[in-house]
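Here the structure comes first, spelled out in structure tokens, and everything after it is commentary.
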Amino acid sequence: MTLRDLTLGFMPLNDAAPLVVAHELGFFKKEGLNVTLSKQNSWATLRDKLAAGLLDGAHMLAPMPLASTLGVDGIKVNMLAPMVLSRGGNGITLSKQLAKQIPLNNDGDLPLPATRISDIATARKNAGTKLRFATVHPFSCHHYQLRQWLTQGGITLDDIDIIFLPPSSMVAALYSGDIDGFCVGSPWNTKAIREKVGVTVLTSADNWPGALEKVIAVTADFAKGNADVVTALIRALYKACLWLASPQNKLEAARFLTKAKYLDLSLDVIAPPLLDSCLSGLDKSPRQVQAFCQFDQGNQADVKEFQQLLAMMKQYQQVDIDQSSDVLAQVYSDALYLKALHQSS
């Protein structure tokens, strides 16, 4: 069988696991695909390479294909996200210095409401040195989750600053004091704990259980001309997601992810969040967080869920909801997903 060459972009995150597993266990090859996995250094770079055709597909933030299709994030390119790869896996980590001002005494303080830092935010604003938080991209669930957490604590954008950094830059920025906290995907919260520079106060599973996180994305033109390739890709990734359902397999996936070509981090950083364990940094036992990061639940794109993301994009004045709702069903169409699974049955 002649294999079809395919280059897929990914970011160094735990939720790239479906791509890594499909590659390591030969699921791609069984579907006739000779896949090269290409690690990217930022979401913007990944987006631009996919748009330019330098990548055939990519592990992507759930809101990003819609933003690209609407032309509100980089070059306007029609995208298709036919499958959900993961749910959850995010966390909010504060610097040790900020955490000491709260203070945090025990596990009963977690998950932490933002009301606990509202007075500090006000004082810092009045002093002309606003608290600064980082997240990974404007069109990301991390951004919306951070904004919602702050808003629920009575903290507005006038009170603090938000900047955008690649996930792998978060820990260094926290260590240097450039930021006071961040919202990022696994395993970078755990990395901050292992480096003793942060305290993880909230996970996406605490406030947003089962929330959409990553999708597999291709350009609409690529999908139109290569429907058989996209369905083969979906089948391979679906097998990987099912394989990732068990804790034993997640641990094996963590071992894959330690490799330099993937995350290049130690097993004690990568494995805990995959196994529903959240290190807090409070010198206490890790918190058990049920369904912290899921790969085998809700892989079929549901437009109703993406409508919720669209509502947040509108709430934060990123898009015109009347215009963007028309293309939502096109971007997150499940037609190829259903075709792929029908062919495998």
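Observations
- Approximating the spin labels as points 7 Å out from Cα along Cα→Cβ, the ALA52-to-ASP326 distance works out to 3.1 nm.
- Taking SER204, SER325, SER246 in turn, the Gaussian network model of the chain (Cα-Cα springs below 10 Å) assigns the largest fluctuation to SER246.
- Cα-based Kirkwood hydrodynamic radius, the stretch 90-206, one decimal, Å: 13.8
- Difference of contour (0.36 nm per residue) and Cα-Cα distance, SER246 to LEU3: 84.5 nm
- Test item: Cα-centred dipole of the stretch 90-206, Lys/Arg +1 and Asp/Glu -1 on Cβ, debye: 220
- For the stretch 134-143, Karplus couplings with θ = phi - 60° (6.51, -1.76, 1.60), whole Hz, Gly/Pro x: 10, 9, 8, 5, x, 9, 9, 5, 4, 4
- Residues whose placed amide H lies under 5 Å from that of VAL184, excluding near-sequence neighbours: GLY91, THR93
- Rel. contact order, % - alpha carbon contacts under 8 angstrom, at least six apart, the chain: 26
- Springs join every pair of Cα atoms under 10 Å in this Gaussian network model of the chain, and among ARG47, ARG235, ARG132 the largest mean-square fluctuation is at ARG132.
- Computed magnitude of the charge dipole of the chain (debye, nearest 20; Cβ of K, R +1, Cβ of D, E -1): 560
- Proximal aspartates and glutamates relative to LYS39, as straight alpha-carbon distance under 12 Å, when same-chain residues fewer than 8 apart are discounted: ASP264
- The stretch 50-97 shape via C-alpha gyration tensor axes, a/c threshold 1.5: prolate
- Cα-based Rg of the stretch 176-282 normalised by 2.2 N^0.38 Å, two decimals: 1.30
- Mean-position separation - Cα centroids, the stretch 29-74 and the stretch 151-176, in angstrom: 25
- Using a cut-off of 31 Å between Cα atoms, the listed pairs LYS76/LYS304; LYS49/LYS304; LYS49/LYS130; LYS250/LYS314; LYS49/LYS250 include LYS49/LYS130; LYS250/LYS314 as exceeding that distance.
- 19 Å Cα-Cα reach of LYS284 towards aspartates and glutamates, excluding residues that sit fewer than 8 places from it in its own chain: ASP107, ASP109, GLU195, ASP206, ASP268, ASP276
A short reminder: the numbers here are calculations on the coordinates, not readings from a lab. All of these numbers come straight from a predicted model, not from anything done at the bench. Cβ sites come from the backbone with ideal geometry, for glycine too, and all protein chains shown count toward neighbours.
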